[in-house]
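Before any comments, here is the structure.
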Amino acid sequence: MRKIKEREPSAELKILRLLHPRMQLPDRQYYLHLEKGYAGELQMDAWIEQGLVNDCLVVNDLLLEHKRKVFQIDSLLIFQEMIHVFDSKNFEGDFYVDANTWSSLAGREINNPLYQMERAKSLLRQLLQRRLGINLPIESFLIFINPEFTLYNAQPKLPAVFHSQLKPFMKKLNNIDSKLNRGDEKLAEQLVALHSDEPPNIEKPKYSFEQLKKGVVCGDCGSFMLEKGRSWVCGGCGHKENAQAAIIRSAEAFKLLFPDRKITSNTICEWCAVEGDRKKVVRALTNHFKRVGDGPASYYAD
Ligand SMILES: [Zn+2]
């Protein structure tokens, strides 16, 4: 197995992660839902990386578009003459499926995850045929990674892999007759080239610089850190980070949240809630960014 593309949190999750410690999110549940989904994807990655030894290529986290329809693929595996598509689902608890309706045992209906997967599979097939001239069979599976998930009344033909089936399913993948060639690599590269980093119209909560809580946020646990001499120490997990790294990380967060605002030493001092010596902010910014202009109007850019 060779990984061709790594996974990254979506642009939406990145922004919500940065906002979450600094403001009351209008829809915190939605943010937690995204975090849970991402955690499930990482668990699926670990399962693939630890178990898959067959000759195949793994392309993670593709955002593709065909006929102005955007679709996402969590993991795409290229075997000889065959493609597997995995859709990771980090569902937890007891669910029930009746015909095409999925619901929790308490009766709350959820979106049928098969629809989304079938849509992506169909769009992928069209994209491969029309744009790349490739006709390969595609098999897709819902990967239910959470051990505390049960789906009652599921049909054996459901294209799903439940937690108890992860091991035997991996055996099957490793038993596929597969010897890749240069064409398979080219296909993986073409798919990566078609990937778009920017999902269309993500809905961001409204926020302003003034309103957000200031300070340095821990990169490990999301708590605020306390300035202690030449470093910052996390009030939540105890993680220690040197001043330079903490300031640059915070400045990068600022850049992502406020792409239209200039990075100045004053703004970043305020953003990081630096109380003592401000020189370390200037030093960190000068080392990391290019300084544009002189005097009070100067700012920093990539
Ligand atoms: Zn922490």
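Which of the residues spanning segment 214-231 are of a type outside the set (D, E, K, R) and near the ligand (Cβ under 10 Å from one of its atoms)?
Residues satisfying the conditions are Val217, Cys218, Gly219, Cys221, Gly222, Ser223, Phe224, Met225.
Determine, yes or no, whether Leu105 is within 28 Å of the chain's Cα centre (by Cα) and hydrophobic (A, V, I, L, M, F, W, C).
Answer is no for this residue.
Looking at Asn153 and the list (1) on the phi > 0 side of the Ramachandran plot; (2) in contact with a Leu (Cβ under 6 Å, 6 or more places away or on another chain), which single condition is not satisfied?
Exception for Asn153: condition (2).
What residue, of Arg17, Arg22, is assigned to a loop (DSSP other than H, G, I, E, B), outside the structural domain of Ser250 (by TED's automatic domain parsing) and under 20 Å from Cys272 (Cα atoms)?
Going through Arg17, Arg22 in turn, the sole match is Arg22.
Please find, among Gln50, Gln116, the residue that is surrounded by 14 or more Cβ atoms within 10 Å (Cβ to Cβ), out of contact with any strand residue (DSSP E or B) (no Cβ under 6 Å at 6 or more places or on another chain) and closer than 23 Å to Val161 by Cα.
Gln116
For segment 255-271, which residues satisfy the criterion of being acidic (Asp, Glu) and free of Cβ contacts under 8 Å to residues at least 24 places away in the same chain?
Listed by number, the list holds a single entry, Asp260.
Name the residues in segment 233-267 that are touching a strand residue (DSSP E or B) at 6+ places or on another chain (Cβ under 9 Å), within 16 Å of the ligand (Cβ to nearest atom) and in a loop (DSSP other than H, G, I, E, B), would you?
Answer for segment 233-267, where residues must be touching a strand residue (DSSP E or B) at 6+ places or on another chain (Cβ under 9 Å), within 16 Å of the ligand (Cβ to nearest atom) and in a loop (DSSP other than H, G, I, E, B): Gly235, Gly236, His239.
Given (1) touching a residue at least 40 places away in the same chain (Cβ under 8 Å); (2) assigned to a helix (DSSP H, G or I), where does Lys214 come up short, assuming only one miss?
(2)
Conditions first: (1) more than 15 Å from the ligand (Cβ to nearest atom); (2) buried (at least 16 other Cβ atoms within 10 Å of the Cβ). Asn287 passes all but one, so which condition is the exception?
Going through the list (1) more than 15 Å from the ligand (Cβ to nearest atom); (2) buried (at least 16 other Cβ atoms within 10 Å of the Cβ), Asn287 breaks only (2).
Out of the residues in segment 148-157 meeting the condition of being under 19 Å from Glu118 (Cβ atoms) and surrounded by 14 or more Cβ atoms within 10 Å (Cβ to Cβ), tell me which one is nearest to the chain's Cα centre (by Cα).
Within segment 148-157, the match that is nearest to the chain's Cα centre (by Cα) is Leu151.
Taking only pairs six or more apart or across chains, which ones have beta-carbon atoms under 7 Å, a first residue in segment 232-254 that is more than 14 Å from Gly215 (Cβ to Cβ) and basic (Lys, Arg), and a second residue that is within 15 Å of the ligand (Cβ to nearest atom) and not in a helix (DSSP H, G or I)?
So the pair list comes out as Lys240/Ser231; Lys240/Val233.
The values are calculated or read from the model by the stated rules, or taken from the named source; none is laboratory data. Everything numeric in this text was worked out from a predicted model, so none of it was measured. Ideal geometry is used to build each Cβ from the backbone, glycine not excepted, and the neighbour counts take in all protein chains shown.
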